[in-house]
Each structure stands twice: as structure tokens, then as C-alpha cells.
């Protein structure tokens, strides 16, 4: 059993082996018609077995053979290209042709993945490849299989290096870092939004200063004026920063629709993560709420040190299902748990006006107590069908249906705006920048 595990199971035959064996067989066939070739055939067969034995000794007798180490991050970014590194070391005393097969997670369904190179004695060869996950969750890397040959090249030895490793796929934190830098540098308004400077009228006190022409006389501090001997002093206020911003993510069946490998839920989660970070940078308090037919996770708004990590861990394992979303339960929770007026950013999707009207009473009720921003998605595939030239009856029918759905979307926007509800209608790939810019626009206009 040990013989089989150590010498026979790892043994494979190369293409060169089969071609050489085919030549030997061909010589023996020719020797049937030309008897003088029989001796040559036997000599070639002996040479073939002799070289195979030497090849076997070169590959299996040395103690140090092939080493391989995988370097993968502890977490991967969903929807982004993540770099994985593989280091293969040749401990043989000869040049070896290496084929490394990393058993990548089954979620990628890559069945022909291999890395090939020629490695000199004692050399460490580094490989790098990228993986783009499109689902959040736990991904498991299995063992590394390394196939090595000697300069003879008749036999192949497989070395299995145990390298089981579990990594977590989180929402797109690569984009989070990029937007964080933009937020610190005040370069987030890429869609043309302009800042609006407005004197704060809130109750957040900043300082007492001397009165100058143009200051609001209602903010005169008479006690400070008296202490200054009659020099008018005014209270200077600044806009309230510590406002509550809740990202509400619908996990119902409407968010199951995929675009470019990612579901609408994944797009919403990536956007909510980035928006929460921008809100924290802007000194607001960020919170999170998920729901479907039942209320999912509720994370109260805050801006403590670990809030961003709590949001990331909460979003990491959120999954959608095919249940109908219950907006009545959502309204009940916002009514009882979110008592302070807040900015609620609702990520959902409506494909028809009838679908909106079923949920409109609850949406309007939330808008009475909070500033509500409804974010839903444009079906880019329907837009492509509408723009596609028509040259037959079937194409005309498809285009008419696509135009009908696009018209329904415009009616949804109009219906929400008639009730004073902010809306964002965006393609999935533009969701993050449009949502962040809308948040900055609302902040600049001091709507909350």
C-alpha cells in the first residue's frame, strides 16, 4: 500500500513516453516484414526501458523534490480582480518543466486552470493570476498539484502539496478605498454636482465672534456683549454633522436579477458599503437595515471606531431569496426603531407601476417621518433592445415590449416624485457614483 501511495499513484506518463513507445511498436511491426530490423527493435526497446528507469530514479529517489506555496489574501473583494500568487521551488538537481495546478474554489468553475514554466535547479518561480468573484461568502482553496519532469521527459511525477485555505469574499472594499480617498480630497462630485454654501442655522454651536455687517442679528449673544463693554458679539453656528444615514437594502426576489455576473443585491451592497464610509467621513452616523419577507439585520446608526467594520461584517453574508418583500414590516421597524429624523436610502427595484403602487402607502408613510431616497435600477438589456434596429415582425414585437417596460419605469419615477420622494434611477454599473453624489447634493442643500 505504501509502495502504491509513494511511487505508483504519483506516476504519470508524458506524451514523449507514448510517442517513443509507438516508435518501438512500429519497429517491431516492420521487423515482421524485414527480419534484420528485429535486433534493432529489441535494442530500441531495451534503451526505452533503460531511459524510463533512469527517469523514474531521477524523479522519485531524491528526498527534496518540488515545493509550492500559495499566497492569497485573507479576504477577496467581490466584483473586482484579486491577485493570487503561487511560488514553486525546484529542489531537483536538474532543470525541470513544471505544470502547477492550483485547486481554486468551485465557485469559479475553472476546470482547465494550470501554470506552466521551466524552472532551474534551486530556483523559485513565482506565478500570479487573478480571480474575480461575483458572489459573497466563503471560498475554499484546496491543494496545489505540481507535475514535474526530468530532462529525459518520459515520466511525470505529481506532487500534491496540502494547501487548503478558506478566504471570505466581502463586498467591494477595493472601491471602498478608492472612494475613501476621493471623499477626503473632496473630489466625489463627478456627475457635475456643485457645492452650495449656506450659513448654518442649526443648534450645533461653533464659536462666539464679534458682530460684522451681514451677521444674523437674531444670534447676538447679549451676555457676551455685556462682558465686552458694548461690543456686539454673536453666536456662530455650524451645520449639524452628526445626522443619521441608513442604507436599507431589499433582499427580495426583485434583487435577484443579474447584470455582468453580479446580482442587483451585490450592486446595492457594494454601494451601501461605500456610501456608509463616505457618510462617516462627513461626520454623519451610518446605519444599516436589510429586509425581505422578514426583517433581516438592523445595525443602529453610529460613528464609533468599529462601525465600519460592523457594517462590513453585516453585509458580508447577506443573501437574497425568491420571497416577496414585506414593506409593511419595514415601515413598522423604521417607525419604532428609527425615532430621529434620518436620511433613508432604500435600495430596491420596481419593474412595473403596479408593483410600486402595492408598496406606495408604506413608502409614503416612511417619507412623512424621514427623508427618503428610493434607488432602483434601469434594465440595460431592455435599453439595448430598444436601440436595436428592427428588420422583421418579431424584432418589432420585442422592441415594443421593451419600450413598454421603459415607459413603466418613467411612470414610476413620476409617481414617486409627485409625493415628494427623492429617486435615483440608474444603471447597475453607475449605482455607486450616482448614489454618493445624490447624498452629497442632499447634504449641500441641507435637506436633513
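Bear in mind these aren't lab numbers, they're just calculated from the coordinates by the rules spelled out. In this text the structure is predicted, and so the values were computed from the model without any measurement. Glycine also receives a Cβ, built like all others from the backbone with ideal geometry; neighbour counts cover every protein chain displayed.
Could you line up 385, 264 from fewest to most neighbouring Cβ atoms inside 10 Å?
Listed from fewest to most nearby Cβ atoms, that is 385, 264.
Test of understanding: express the Cα radius of gyration of region 365-448 as a ratio to 2.2 N^0.38 Å, with N the residue count.
Against the empirical 2.2 N^0.38 Å value, I get 1.39 for region 365-448.
Rounded to the nearest 10 degrees, what's the angle between the helix 327-337 long axis and the longest principal axis of the chain, both from Cα atoms, 0 to 90?
Orientation of helix 327-337: about 60 degrees from the principal axis.
Angle between the Cα long axis of helix 307-316 and the longest principal axis of the chain, 0 to 90 degrees, nearest 10?
Approximately 50 degrees, to the nearest ten.
Choose one answer from 45, 30, 154: the residue with the largest mean-square fluctuation in a GNM of the chain with alpha-carbon springs under 10 Å.
Among 45, 30, 154, the largest mean-square fluctuation in the Gaussian network model of the chain belongs to 30.
Tell me the label-point distance for the pair residue 28, residue 392, using the 7 Å Cα-to-Cβ offset, in nm and rounded to one decimal.
According to this spin-label approximation, the distance is 6.0 nm.
Let me test this: with uniform point scatterers at the alpha carbons of region 203-320, what is the Debye-based log₁₀ I(q)/I(0) at q = 0.10, 0.12, 0.19 1/Å?
-0.49, -0.59, -0.94
What fraction of the DSSP beta bridges in the chain is antiparallel, stated in percent and rounded to the nearest 5?
Numbers: 51 of 76 bridges.
Just about 65 percent of them are antiparallel.
So if I take the centroid of the Cα atoms in region 400-419 and the same for region 96-161, what is the distance between those two points in Å?
Centre-to-centre distance over Cα atoms comes out at 51 Å.
In nm, give the distance between the simple-model label positions of residue 384 and residue 294, each being 7 Å from the Cα along the Cα-to-Cβ direction.
Spacing of the two 7 Å Cα→Cβ label points: 3.8 nm.
What is the calculated FRET efficiency for residue 168 to residue 329, with r their C-beta to C-beta distance and R₀ = 35 Å, to the nearest 0.05?
It comes to 0.75.
Run lengths n ≥ 4 of DSSP H only: what is the helix-derived mean residue ellipticity at 222 nm for the chain, with -39500 (n - 2.57) per run over all residues, to the nearest 500?
Helices in the chain give a 222 nm mean residue ellipticity of -12000 deg cm²/dmol.
Can you tell me, using C-alpha contacts under 8 Å and at least 6 residues apart, the relative contact order of region 260-390 as a whole percent?
19 percent
Specify the residue with the greatest mean-square fluctuation among 375, 40, 119, computed from a Gaussian network of the chain linking alpha-carbon atoms under 10 Å apart.
Comparing 375, 40, 119 in a Gaussian network model of the chain, the most mobile one is 40.
Suppose a student asked you for the relative contact order of the chain, using Cα pairs under 8 Å spaced at least 6 residues apart; what percent would you report?
Values: 779 pairs, mean separation 53.7, N = 448.
So the answer I get is 12 percent.
Describe numerically, in nm with one decimal, the distance between label points set 7 Å from Cα along Cα→Cβ at residue 142 and at residue 114.
1.6 nm
What does the extension gain come out to for residue 400 and residue 53, with contour length at 0.36 nm per residue minus their alpha carbon separation?
Details: separation 347, 0.36 × 347 = 124.92 nm, distance 7.28 nm.
Working it through step by step, the gained length comes to 117.6 nm.
Out of (i) 26.7; (ii) 23.6; (iii) 27.7, which label holds the value of Kirkwood radius over Cα pairs in Å that was computed here?
(iii)
Cα axis of helix 15-33 to longest principal axis of the chain: angle in degrees, 0 to 90, nearest 10?
Here the helix axis deviates by roughly 30 degrees.
What Kirkwood Rh does region 66-170 have if only Cα atoms enter the pairwise 1/r average? Answer in Å.
This gives a value of 14.4 Å.
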